[in-house]
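The values are calculated or read from the model by the stated rules, or taken from the named source; none is laboratory data. Being a predicted model, the structure only gives us computed values, none of them experimental. So basically every Cβ, Gly included, is an ideal-geometry build from the backbone, and we count neighbours across all protein chains shown. For accessibility, only protein heavy atoms count, side chains too; no ligands or nucleic acids. Shrake-Rupley method; radii C 1.70, N 1.55, O 1.52, S 1.80 Å.
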Amino acid sequence: MIADDGNLEPAGDEHTTFSTGEFFRRLGVYFFPHKGKVALILLACSLETGFYWIVPLAFRHLIDNTLAVADRRGLIQVLSVLCVGSVVASAASLWRGRYWARVESQVVSDIRFRLYHQLQRLSVSSYAKTSTGELLSRFSNDLSSVATALTMGVVWGALPALDCILGTAILAVLDWRLACLAALVWPWCLLVPPRIARRAAPTAYARKQREAEMLEVVQEQIATQSVVRAYGLARLRMVRFFHADARLFEASVRSAFLTAFMDQASMSGILLLQVLTLALGAWLAFAGDMTIGTLAAFQALFLGVSTSLLYFTQYLRSLLPARAGMQRIEEFLAAGGAIDDPPGAGTLSPFSHDIAFEHVSFAYDGAPVLRDVSLTIRRGSNVAIVGPSGSGKSTIVSLLLRFHDPASGTIRVDGVDLKTVAQESWRSQLGVVFQENLLFRASLAENIRMGRPDAPDAEVEEAARLAGIDDVIRRLPEGYRTAAGELGGRLSGGERQRIALARALALQPQVLLLDEATSALDPQTEAEINVTLRRAAAGRTVISVTHRLGSVAHCDHIFVMDRGRLAEQGTHEQLIGAGGIYAGLWRSDPRSLD
Ligand code: ADP
Ligand code: MG
């Protein structure tokens, strides 16, 4: 299910779910920091349980010793004990309820944090392979099923378990012969449902999996609604949804049936044993071997024990989705993360000399993408990496950003191997603009300031001016305070791109990395942004990646990529003079390599 490379693809339906033991072991890790609080809660539970079992014993005492001889003082004593006990038990129960709610919510929130943290450090390839619906469902379905199991954990799990243990002990004290017969309820309730559960567990996992698949279809619909509409794909998508839903329906029915069957099996056993103990008890009472009070107390206790056992088995049933959810959460948390800094990683000093790729090769899942690429980019130069789509340009950017490490070869900055330095110390020197730039739900000023939260307003505005977006922002009624989310479609692609550019410039980066930053724009806008860029780039190193040649002629140095290899390099004039790939492409269409 989880490959070492961080593959999070859904497993098949034959998947086995965490056992109950495994589930609690995993949960234990999250509860460990709260062990003191959990101990207090268990203490409160014991107080409650203790009281529940005083009641039938008092009952026996009343019947055999007090009512039979009309002992009024004795009656008042017993009733007083019961009164005080009930107050203490109620108080313990109230306190326990509130306290547990806190502890349990804290644990769920801890898990949520770990999930979010993992989401951030997840390797770029895991993101590429895993759908949004699949990732989101770890936060929604999976986590909420674990949360539900925890919410019910005390009332349906811990309390009944304590009840059963203490209750059975008291049954044995009351009458060992009846207790032996009654004890059969244990193996019945504990062994039979798990046998059914073993068959039900994979169906619960399958149900979760299919829920995620169904969500994926919905998510895709939301993301692609304009394509669906434009191409008239509604029916086709409906069929897709219908299939996903039908699979979910089928899994839900199987899962619900098996869980209901599990309950029924326990209940039938309890009813039978109840009748049998009553019969044996009555026979012993007839024979004068047992007092009426003991028989009455025994029956009341047995009912309590078996109800608690029933609760407990129902709780086990409710754990099925939680176990599946927990497993999916743990799988996600265990998935291969992005690159971590090596222990004691050094800090990279400000970029001063050059960036060098030395015989760098790279492959995604064994498919080679870069082969033996060696290139040098000097500080302060303005270089371009060009080549057809799929030739490996963006991969070079990813390697520079250390989204991945090279399979072989080395990337050095000022002679220092990038693998050996703290990523943050290198990334903080980079300003990056991608082709698709999403704005955060924050004001435009905050969006620009994102990379350098302490940038003063003047610098934010200066960055916007350099990116050629300042006047557009000023024309908005709320100016820089306009919320980017509310603008929705009101910002054009070019404007969005300029805000992204302003964000990169506000960082005052040593190196400006532009991956097809202007390729999606119309030639007019592209030309305008290129002029701004040249202005903004003064004194910086600029690496522009593009498949459009029109904007690179002025660059100091051009690298031409072809099927993962560095095919040519030089200035525009040198490359045209050489009459190679670049010259050919320039002749056929100087604007584009498409
Ligand atoms: P370019 O930016 O020049 O268009 P890329 O560097 O994005 O090219 O991609 C180079 C090759 O690597 C392409 O064949 C692409 O399909 C493949 N590729 C890119 N990203 C991934 C990924 N995350 N997983 C697998 N293959 C990828
Ligand atoms: Mg690309």
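Residue pairs whose Cβ atoms lie under 7 Å apart, separated by 6 or more positions or on different chains, with the first residue in the range 391-419 and away from ligand 2 (no atom under 13 Å from the Cβ) and the second among the acidic types (Asp, Glu) and in a loop (DSSP other than H, G, I, E, B), are 419/405. Candidates in the range 283-316 are the residues that are free of Cβ contacts under 8 Å to residues at least 40 places away in the same chain and in a loop (DSSP other than H, G, I, E, B); of these, the one that is most open to solvent (accessible area, probe 1.4 Å) is 289. Taking the conditions exactly as written (more than 9 Å from ligand 1 (Cβ to nearest atom), basic (Lys, Arg), open to solvent by 30 Å² or more (accessible area, probe 1.4 Å) and not in a helix (DSSP H, G or I)), does residue 402 satisfy them or not? In short, no.
Given the structure, is residue 588 surrounded by fewer than 22 Cβ atoms within 10 Å (Cβ to Cβ), within 16 Å of ligand 2 (Cβ to nearest atom), modelled with pLDDT under 80 and not acidic (Asp, Glu)? Please lay out each step first, then the result.
Working: surrounded by fewer than 22 Cβ atoms within 10 Å (Cβ to Cβ): yes; within 16 Å of ligand 2 (Cβ to nearest atom): no; modelled with pLDDT under 80: yes; not acidic (Asp, Glu): yes.
It is false that residue 588 is surrounded by fewer than 22 Cβ atoms within 10 Å (Cβ to Cβ), within 16 Å of ligand 2 (Cβ to nearest atom), modelled with pLDDT under 80 and not acidic (Asp, Glu).
Right, residue 349: within 16 Å of ligand 1 (Cβ to nearest atom) and over 30 Å from residue 158 (Cα atoms) or not? For residue 349, the condition - within 16 Å of ligand 1 (Cβ to nearest atom) and over 30 Å from residue 158 (Cα atoms) - is not met.
Within the range 549-563, does at least one residue satisfy the condition of being among the charged types (D, E, K, R), assigned to a loop (DSSP other than H, G, I, E, B), surrounded by fewer than 20 Cβ atoms within 10 Å (Cβ to Cβ) and at positive phi? Can you show your working first?
Let us first name the residues in the range 549-563 that are among the charged types (D, E, K, R), namely 556, 562-563.
Filter again for assigned to a loop (DSSP other than H, G, I, E, B), leaving 556, 563.
Subsequent filtering for residues that are surrounded by fewer than 20 Cβ atoms within 10 Å (Cβ to Cβ) retains 556, 563.
Within this subset, residues satisfying the condition of being at positive phi are 563.
For the range 549-563, residues among the charged types (D, E, K, R), assigned to a loop (DSSP other than H, G, I, E, B), surrounded by fewer than 20 Cβ atoms within 10 Å (Cβ to Cβ) and at positive phi: present.
Cβ-Cβ contacts under 9 Å between residues 6 or more apart (or on different chains), taken from a first residue in the range 128-156 that is within 16 Å of ligand 2 (Cβ to nearest atom) to a second residue that is in a helix (DSSP H, G or I) and open to solvent by less than 10 Å² (accessible area, probe 1.4 Å), are absent.
Among the candidates 411, 377, 385, which residue alone is open to solvent by less than 10 Å² (accessible area, probe 1.4 Å), part of a strand (DSSP E or B), among the aliphatic types (A, V, I, L, M) and within 13 Å of ligand 1 (Cβ to nearest atom)? Can you show your working first?
Values: 411 fails: within 13 Å of ligand 1 (Cβ to nearest atom); 377 fails: within 13 Å of ligand 1 (Cβ to nearest atom).
Being open to solvent by less than 10 Å² (accessible area, probe 1.4 Å), part of a strand (DSSP E or B), among the aliphatic types (A, V, I, L, M) and within 13 Å of ligand 1 (Cβ to nearest atom) holds for just one of 411, 377, 385, which is 385.
Would you check which residues across the range 344-363 are open to solvent by less than 80 Å² (accessible area, probe 1.4 Å), touching a helix residue (DSSP H, G or I) at 6+ places or on another chain (Cβ under 9 Å) and either in a strand (DSSP E or B) or not small (Gly, Ala, Ser) (or both) and list them? Once the filter is applied, which keeps residues that are open to solvent by less than 80 Å² (accessible area, probe 1.4 Å), touching a helix residue (DSSP H, G or I) at 6+ places or on another chain (Cβ under 9 Å) and either in a strand (DSSP E or B) or not small (Gly, Ala, Ser) (or both), the range 344-363 yields 346, 348, 351, 355, 357, 360, 362.
Residues that are surrounded by fewer than 17 Cβ atoms within 10 Å (Cβ to Cβ) and away from ligand 1 (no atom under 16 Å from the Cβ): which helices (runs of 4 or more DSSP H) entirely in the range 420-529 hold 1 or more of them? Show your work before the answer.
Numbers: elements: 423-427, 444-449, 457-466, 470-475, 484-487, 493-506.
Here the list reads 423-427, 457-466, 470-475, 484-487, 493-506.
Taking the conditions exactly as written (hydrophobic (A, V, I, L, M, F, W, C) and in contact (Cβ under 8 Å) with a residue 24 or more places away in the chain), does residue 272 satisfy them or not?
Numbers: hydrophobic (A, V, I, L, M, F, W, C): yes; in contact (Cβ under 8 Å) with a residue 24 or more places away in the chain: no.
Here the answer is no, as residue 272 does not meet what is asked.
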